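Asker: My structure is below; once you've seen it, I'll send some questions.
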Amino acid sequence: MRVLMMGFLGLWLTMGALQGAEVLNTSLIHHTKKAKPKKKPLSKKPLPSKKRVVKSKSHSAPRVRWIYSSAFLTAYFSDGHYKQGYGLLLQNGNYLTASNLIFDQGMYAQTIMAKMQDDSAPMLICVARLHVKAIDRNRGLSLLSTHVFTNDYCQIRPESYYHARIYKKYGQNLLAHNATFHTLPLYYPQVSPKNAFEVQSLHGVSNLQENPFGRPLFNASGVFMGMLDAQKNKVRLIKRDVIMDFLRALQQRDLL
């Protein structure tokens, strides 16, 4: 589904916070390779006519932590149609997304597939199958829970160190802090042609690429600022304070 982004006004939002407390030891997953000793140059003295050049690393996009908390979701319905959008990994294996992604044409999605990107490789891979845990269509939000874990080919498998590492390291606790903040531009994840997440900016953008459902928004400091949704072929913003109210209501019911 392709939708157009209407004029995007300055936003006054309240600040969220990234969870960075408990992190798994990654030494079993990412083995550190010993650097090979450099060979000594044959010439004892450097050439006087040439200057030594130090190569600097260039980055096409900033390495932001929230990229690894983002998920690309595909929701399959009983009549055969499907919808695609985004979600945000929270603590305890929960995902936050837009209700219009998982409820469509009077039906709830039967199967929801989540793909994520690990910081060890750029490619998006299947991580889990999700179930609907709670929905608030008035606020436009839904909470999903992890039903089963999957391998790279989206087949069911037991939880691995890889799954535990992503869930522990990048699951966000949006209710940890509550402070006032407002800024532009805002940034969001987008699946690139290389099947990897890339950072896009909403500053000065008059249209948005496809599948806006549940797309999380962050400021330049990596603070969660809200979520996008689509309704009647128009993109709308779900503000952070609305999302916080939704999460607090779930917390009171022990659903988080």
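Asker: Return the only residue of E198, E159 being of a type in the set (D, E), at pLDDT 90 or above and either assigned to a strand (DSSP E or B) or more than 15 Å from the chain's Cα centre (by Cα) (or both).
Answerer: Exactly one of E198, E159 is of a type in the set (D, E), at pLDDT 90 or above and either assigned to a strand (DSSP E or B) or more than 15 Å from the chain's Cα centre (by Cα) (or both), namely E159.
Asker: Would you point out which residue out of S120, S145 is assigned to a strand (DSSP E or B) and under 17 Å from Y170 (Cα atoms)?
Answerer: The match here is S145.
Asker: Of all residues in the stretch 76-117, count the ones that are surrounded by 18 or more Cβ atoms within 10 Å (Cβ to Cβ) and in a strand (DSSP E or B).
Answerer: 18
Asker: Looking for whichever is closer than 18 Å to P189 by Cβ and touching a residue at least 12 places away in the same chain (Cβ under 8 Å) here; the options are Y86, Y108. Which one fits?
Answerer: Y86
Asker: Quick test for you: out of P185, P216, pick the one residue that is under 18 Å from W66 (Cβ atoms), touching a strand residue (DSSP E or B) at 6+ places or on another chain (Cβ under 8 Å) and modelled with pLDDT of 90 or more. So that I can check it myself, show each step before the final result.
Answerer: Values: P185 fails: modelled with pLDDT of 90 or more.
None of the others qualify; the one that does is P216.
Asker: Tally the residues that are closer than 23 Å to L247 by Cα and hydroxyl-bearing (S, T, Y), restricting the search to the stretch 126-154.
Answerer: 3
Asker: Okay, moving on. Within the stretch 222-237, how many residues are in a loop (DSSP other than H, G, I, E, B) and either touching a residue at least 24 places away in the same chain (Cβ under 8 Å) or touching a helix residue (DSSP H, G or I) at 6+ places or on another chain (Cβ under 8 Å) (or both)?
Answerer: 3
Asker: Suppose the filter is at pLDDT 85 or above and surrounded by fewer than 18 Cβ atoms within 10 Å (Cβ to Cβ); does D245 pass it?
Answerer: Judged against the criteria, D245 is a match.
Asker: Further question on the same structure: Identify, by number, the condition in (1) modelled with pLDDT under 95; (2) crowded, with 18+ Cβ neighbours inside 10 Å that L73 doesn't meet.
Answerer: Failing condition for L73: (1).
Asker: Suppose the filter is in contact with a strand residue (DSSP E or B) (Cβ under 6 Å, 6 or more places away or on another chain) and open to solvent by 80 Å² or more (accessible area, probe 1.4 Å); does K239 pass it? Show your work before the answer.
Answerer: Values: in contact with a strand residue (DSSP E or B) (Cβ under 6 Å, 6 or more places away or on another chain): yes; open to solvent by 80 Å² or more (accessible area, probe 1.4 Å): yes.
In short, yes.
Asker: Looking at the stretch 202-210, is at least one residue assigned to a loop (DSSP other than H, G, I, E, B), surrounded by fewer than 20 Cβ atoms within 10 Å (Cβ to Cβ), acidic (D, E) and modelled with pLDDT of 90 or more?
Answerer: no
The values are calculated or read from the model by the stated rules, or taken from the named source; none is laboratory data. Model, not experiment: these values are computed from the prediction. When we count neighbours, we look across all protein chains shown, and the Cβ atoms used for this are built from the backbone with ideal geometry, even at glycine. Surface accessibility is based on the protein's heavy atoms, side chains included, excluding ligands, DNA and RNA. Shrake-Rupley method; radii C 1.70, N 1.55, O 1.52, S 1.80 Å.
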